[in-house]
1. Would you mind ranking 52, 132 so that the residue whose beta carbon has the fewest other beta carbons within 10 Å leads the list?
2. Using Cβ counts within 10 Å as a stand-in for footprinting exposure, how do 142, 9, 129 rank, fewest first?
3. Test of understanding: ordering 18, 94 by Cβ neighbours within 10 Å, fewest first, what list do you get?
4. Express in whole angstrom the spacing between the alpha-carbon centres of the range 131-148 and the range 42-110.
5. Based on the alpha carbons, how large is the Rg to Rh ratio for the range 5-145 when Rh follows Kirkwood?
Amino acid sequence: MSVNPGVRLFFDRLVWYTRFLGSRAFGRQDVDQRGFRGAVNLVFGVDPDAAWHCDFSDSGFRFHKGRSVTAIGSIVLDADTFLRILAGLTSCTTCQMTGKLRIEGDGHCAFILPSIIMQTHARARRKGLFGWLTRRFVQRALRRSQTGYELKL
């Protein structure tokens, strides 16, 4: 079973984005990550192709394809749950409380996915070119997922 094409598009673009722009791309202020070092896996199924990880270091953070063998924790959920969160149809907290999103390892990992989603939604709400580009990107990922979900801001 392959990973959902919408999830693949979203995270493969995050890999590309953070490779070239680093964590500065996610905000004008430095990301406060004092005391948080290591990698966090984002796992969307048993397929090795259905995982990405985020490395945190003194210089910021970067997304990478695949699982990190030295991860301090993992966020485990299925693709449909992620796409519902991305579309704004449900929240990370609700999914975590109902067991659709699980945190394995360090509890601080619970803040990674909500942060990604909140940053994406905040950018999509902006006016102008950057807001338009983010809305188009999320809408494209949702369309490619073939779930029928639409972005609700």
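1. Listing 52, 132 from fewest to most nearby Cβ atoms yields 132, 52.
2. Ascending number of Cβ neighbours within 10 Å: 129, 9, 142.
3. Lowest count first: 94, 18.
4. Using only Cα atoms to place each centre, the spacing works out to 19 Å.
5. Result: Rg/Rh = 0.93.
Every number here is computed from the coordinates shown, using simple stated rules; none is lab data. In this text, all values refer to a predicted model and were calculated from it rather than measured experimentally. Cβ atoms come from the backbone with ideal geometry, glycine included; neighbour counts cover every protein chain shown.
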